[in-house]
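In what follows, a single structure is set out as structure tokens and then discussed.
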Amino acid sequence: MGGRHGGRSRVSGKEGLTAVRKRLQSYADRGVFRGLAEEPLRGSRYRFKFLWLTSAPFTLVYAPKSGSIVIRDLLPNLGPRTAVRKGIRAFILSRTDGALPEHRRIDVRCVNVACEVRRGLLSVKLVAKRRDHDYAVNRAVNLIHEIFVQLHTYFPEYMWENFDVPEE
Amino acid sequence: MRQAVLGSAGATAAAFGGAEAARAAEEDAKPITIPSEFEQAKRAPLEPVDFPMSGAQVFARACKEEGVEALFCCPGNYDVVHAIANTGIPTYSGRHEGSLCHAADAFCRATGEVAATSGTEGPGFTAMIGAISAANSARSPILVLASNKTIFSEDTEQGIQDQYQQPLTEGIKKYGKRLITPARTWEYAGYAFRQLRSGVPKPVHIDFPAEVARARFDDAADLEFFYDKTKYRTDTKPYPDPKAIDRAVELLRDAERPIIVSSNGVFYSKAWSALKRLAERAQIPVVESGAMKGQFSGAHELSVDAAPMALLSADVVLLVGQYCMPTLGEFAFGPDARYIRIDPDAEDIGRNLPIDLGIVSDERAALEALADAMPRQKHDAWVAEVAAAREAFDAENEEYYQTGLGYTDAVHPAVIGKELAEFLQNGDIPRDRTTIMQGGYGIARYTRRYLRAYRPGQIINGAYQYGAIGPDVGYTVGVAAAVRHGIGAQADFKGHPIVAITGDAGFGYTAMELETLSKYRLPAILVVYNNNAWGTWSGQRNNTVGLPVHLFQENLRYDKLGEALGTHGEYVTKASEMRPALERAYQVALDESRPSIINVQAKKEFWLRDQYPPGFLGKIEPGLMSYYH
């Protein structure tokens, strides 16, 4: 996690992109992601798509200048006032709790985390502070994993209905 | 129908007189008895199995010499079944070949030893297909035997039940053979046991045309390859590459939060002592997965079985004997975890879960080598994290129990789980004594949370991998037989009552095996979670037209069904009745060696989270809640 709490100087766009790219590529090289693709977007942003926990690819959009990482449309069909929507939002925000072990926590000194639901689609945003882009992308990938474990544990029906997980 | 015939006045009269008439009829009825032939069979002397022998006797002698510990069958394949029974191998017959094949599977899972199962040609054999599939998914070393008419009449459809069997077990066995040359019967027994006794176990299927089963051999010269098993197979095991052990030591030594996943292979290689030695030497927590639980005690401070949320923190995962491999995401380990896999089958290493290191080895040999090579280490912070996760899990379960007690119109599954654990594992009965057949679907998602495995073979994971919900009463027969005879991992618990858990949907498939439990006086206590529905109903609750597909009649008296088949019966409709019912059933098991059924009346709506939180529960694997892998 090079650069974590790394002083006041900001990382350059190129350095940030290199760090994020390297981190994601390491997951692909280790076989965690079954495939990884990258494409540039307007506004000096980059879209990474990777196959991992589900049959549909995950989409992560990185903006080097702002240090923002958006996991776009991570979860579908989160209707208003549903228990799963409420539960997952609360879970995401709880990941910064200081009582969590350091390796499970999102350190707010390094990264801000937020989530939003639009038309039932949940997206998660992490914004790296200063030099913590590598840390931020690592936390983003771990957060996706933790969210899915949470869904398997407490919202099995949601997983059957939206991710073809066996009902049995 | 009776009412329609009598008319309303008659119906009223029948209702008044009916109860008394029924009572009188019950008093007049002859009691359920076990035929005296059962006792005679127990006392009958066993003749030595020697030349001259039939083909069936040759094969039976191989089974005896190879240590087959039990046979589960229905009538059919008579020559082979009788020849095996006559060797003294305990033989159980039941009501459906599929159920008895499930019994053989569960027997293997409880003992770690080989069991045989048999059915007649045609329908008897095809009735076993689902059970062979379940055993194949669970990696159980069952020996599937079936008769198969004659080679002479092959393809003619002369008589009945003509069929090619081997193609039907394609993909659900390790090895199969239709025996066609009588003189090679012993040789093919060797083929079967080489497969059953080595590597990753799976079913072996042998079918016997009459020309083979009834062939006559006057002496050894009539048989090919008739020699001792030490000449046709070896008990030696593959040992790990020392360089691979060095690399594994490096990975584990450098880890901050290492974890060991102990699965089927640890059980079948009897590697639990080596596992404990490694875990304690390097202070590495252990979590279990697989078709049976208890290789590592749930009471050990290093057990992660009941600490699911700690799994996500592991940074190096040592998978030992994990034959049924999850894909990424099916186990809760995080994306930064690295994996070492120990498996006797090189061809499987690297399947599904990417590895950082693969070690081809017998599980016990590899764990012993690692335990010898690992430096002593301390992971106190990691162990404290596991302890905190365990505490949180226990608190969550207690909350579910308290919530369940508040639902007073039926018995909530959390109450069943907690009461079972309190009675069997936290009361007067030593906690490691009772072997548990953990079946069911929705109910299992609760009971798994409360019950623990404290020694090898204590919990049999019913629906493991194949996901069949119907085998549970069949499994109960196999587990009860294993404990009765004290075979393999059950040696120290011989003769004690066992407990099985199932749901009303699963119960329906194999319920007639209550009679099998009763006729053999197997002291099993079967808890049936009766919520009047298939577990699938809640997903269809808004489907008005289709919903009845998922429903049964309500308040069915499965306890009465048990009583009619010779078991003791209990009907539990309130939480407070659960413990006394368990105590009575346990006493019946002790005093009469008789099975019981405890029909626990629940309701389907308990699966609705918005009405009855916590509703239908999900799961995390590996650990207590796991059953897919």
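Please treat every number below as a calculation from the coordinates, not as lab data. Please read all numbers here as calculations on a predicted model, not as lab measurements. Here the Cβ is made from the backbone with ideal geometry for all residues, glycine too, and neighbour counts use every protein chain on show.
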Qualifying residue in the range A:89-98 (condition: within 30 Å of B:Ala381 (Cα to Cα), hydroxyl-bearing (Ser, Thr, Tyr) and outside any loop (DSSP other than H, G, I, E, B)): yes
Listing of helices (runs of 4 or more DSSP H) fully contained in the range B:166-265 that carry 3 or more residues being among the acidic types (Asp, Glu) and out of contact with any Gly (no Cβ under 7 Å at 6 or more places or on another chain): B:242-254
Which numbered condition B:Ala387 fails, given (1) touching a helix residue (DSSP H, G or I) at 6+ places or on another chain (Cβ under 7 Å); (2) in a helix (DSSP H, G or I): (1)
Of all residues in the range B:225-249 being acidic (Asp, Glu) and farther than 18 Å from B:Leu275 by Cα, the one that is surrounded by the most Cβ atoms within 10 Å (Cβ to Cβ): B:Asp241
Filter result for the condition that a residue is of a type in the set (Gly, Ala, Ser), within 12 Å of another protein chain (Cβ to nearest Cβ) and surrounded by fewer than 20 Cβ atoms within 10 Å (Cβ to Cβ), over B:Gly350, B:Gly358: B:Gly350
The range B:589-614 - residue that is farther than 30 Å from B:Thr33 by Cα and free of Cβ contacts under 8 Å to residues at least 12 places away in the same chain and, of those, farthest from the other protein chains (Cβ to nearest Cβ): B:Glu605
Failed criterion for B:Val316 (all others in (1) farther than 23 Å from A:His152 by Cα; (2) among the hydrophobic types (A, V, I, L, M, F, W, C); (3) over 26 Å from the mean Cα position of the chain (by Cα); (4) buried (at least 19 other Cβ atoms within 10 Å of the Cβ) hold): (1)
Matching option when the condition is within 14 Å of another protein chain (Cβ to nearest Cβ) and more than 12 Å from the chain's Cα centre (by Cα), among A:Glu161, A:Glu146, A:Glu116: A:Glu161
Wholly within the range B:411-503, helices (runs of 4 or more DSSP H) carrying at least 3 residues that are in contact with a helix residue (DSSP H, G or I) (Cβ under 7 Å, 6 or more places away or on another chain), in contact (Cβ under 8 Å) with a residue 12 or more places away in the chain and among the aliphatic types (A, V, I, L, M): B:413-425, B:472-485
Filter result (crowded, with 21+ Cβ neighbours inside 10 Å and part of a loop (DSSP other than H, G, I, E, B)) within the range B:267-296: B:Ser269, B:Ala271, B:Ala282, B:Ile284, B:Pro285, B:Ser289, B:Gly290, B:Ala291, B:Gly294, B:Gln295, B:Phe296
Single match in B:Asp372, B:Asp380 (criterion: within 14 Å of another protein chain (Cβ to nearest Cβ), over 22 Å from B:Pro622 (Cβ atoms) and either out of contact with any strand residue (DSSP E or B) (no Cβ under 7 Å at 6 or more places or on another chain) or surrounded by 24 or more Cβ atoms within 10 Å (Cβ to Cβ) (or both)): B:Asp380
Long-range neighbours under 6 Å by Cβ, at least six apart or interchain, first residue over 22 Å from B:Ile34 (Cβ atoms) within the range B:565-576, second surrounded by fewer than 19 Cβ atoms within 10 Å (Cβ to Cβ): B:Ala575/B:Leu405
